[in-house]
Amino acid sequence: MSIATSLIPLASALLGGAIGVWITISRTQYSAYSADFSKRVEQILALIDRKAESSCRFWIDDNSDKLYTDEAYLIGLKSSLTVCVDALNKDYTGFNKTRILSALTEFNKSCTGYNFPNKGLPENIKPPVAEILKTAEILKCEIFKARKKNYRWLYSAR
């Protein structure tokens, strides 16, 4: 047996091993990236729900929980949500910045618009509860679209 024929199985084994290591590392990195992205999206969705609930309680003057109806708490939730969305915009390229920021702006307007922080609305204006819930769902839908777009390679085969 010549040296060339004995090196072919060795070279094949080394090449196969190197490819296996590369695939394992790539898959691990993608899994960590994907899990982090999903966790952060879920965190933002929970924050949107909390802000919507707090805003609705504020506008209908529900004083059962003072924290939820405090204007400083609402402003804090607004800031927290903006920081989280900005961080996702910077960290993940698939995140559609303009559409999400537009939906976030509309959501913020509905939550803290009108004559905020005064709770008294003119008699002809109802509390903006329906608008708050609608804009919250629109914002969540935009975030879900961005999340799905991040996995578009999974759907391109279908």
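Among the trypsin sites (Lys or Arg not before Pro) in the range 21-115, which ones are in a DSSP loop with at most 10 other Cβ atoms within 10 Å of the Cβ? Mind listing them?
Hits after loop and neighbour filter: 66.
State the extension gain, in nm to one decimal, for the chain segment bounded by residue 141 and residue 26, taking 0.36 nm per residue of separation less the distance between their alpha-carbons.
Here the answer is 38.4 nm.
Treating the range 1-80 as a set of equal point scatterers at the Cα positions, no solvent, please give the Debye-formula log₁₀ I(q)/I(0) at q = 0.12, 0.15 Å⁻¹.
Per q value, in the given order, log10 I(q)/I(0) is -0.59, -0.71.
Could you give the length gained on full extension between residue 149 and residue 134, defined as 0.36 nm per residue of separation minus the Cα-Cα distance, in nm?
So the extension gain works out to 3.1 nm.
Run the reach check for residue 149 against lysines, Cα to Cα strictly under 17 Å, same-chain hits fewer than 8 apart removed. What comes back?
The qualifying lysines are 39, 90, 97, 140.
By average Cβ neighbour count within 10 Å, what is the ranking of 15-21, 130-136 from highest down?
130-136, 15-21
Laboratory data are not the source of any read-out in this text; all were calculated from the coordinates shown. Please read all numbers here as calculations on a predicted model, not as lab measurements. Every residue, glycine as well, gets a Cβ built from its backbone with ideal geometry; the counts of neighbours run over all protein chains shown.
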